[in-house]
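For reference, the structure I am asking about is given below.
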Amino acid sequence: MKKGLDAPLVPIIFTVCGLVGMIPAWNSHQLYNFLFPVLMLVLAAIFVHTSYWGKYAIIRQTVAALKIPQNSQVLDLGTGHGAVY
């Protein structure tokens, strides 16, 4: 399977927002001010995990559940960037 990061700018923006948000949160010394920056960093991690591993696990499970014989020819339309081949 072809692996790659979908929309690489998204986790970069989440990470930058999280790291920049840490500065005023740290200066405020209030625990609740860390909610937004931590949320942004968690979203970046979830996005990267899903893009690199999560969707491929779902694809493998779905294809295995179809029980297609090994020597079959299948036409797969709309695969995006070719995750299934």
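Out of all the residues in the range 5-44, which are open to solvent by 60 Å² or more (accessible area, probe 1.4 Å), of a type in the set (A, V, I, L, M, F, W, C) and under 30 Å from residue 76 (Cα atoms)?
Across the range 5-44, the qualifying residue is only 9.
May I pose another question? Pairs only if they're at least six apart or on different chains, beta carbon under 7 angstrom, first in the range 56-69 and over 24 Å from residue 6 (Cα atoms), second open to solvent by 70 Å² or more (accessible area, probe 1.4 Å); list them, first residue then second.
Hits for this filter: 68/74.
Checking residue 35 against (1) out of contact with any Pro (no Cβ under 9 Å at 6 or more places or on another chain); (2) closer than 30 Å to residue 63 by Cβ; (3) in a helix (DSSP H, G or I), only one condition comes out false. Which one?
(2)
The values are calculated or read from the model by the stated rules, or taken from the named source; none is laboratory data. Predicted model, so just to flag it, every value in this text is computed and none were measured. Cβ atoms come from the backbone with ideal geometry, glycine included; neighbour counts cover every protein chain shown. Ligands, DNA and RNA are stripped out before the accessible areas are found, and what is left, the full protein with its side chains, is counted by its heavy atoms. Shrake-Rupley method; radii C 1.70, N 1.55, O 1.52, S 1.80 Å.
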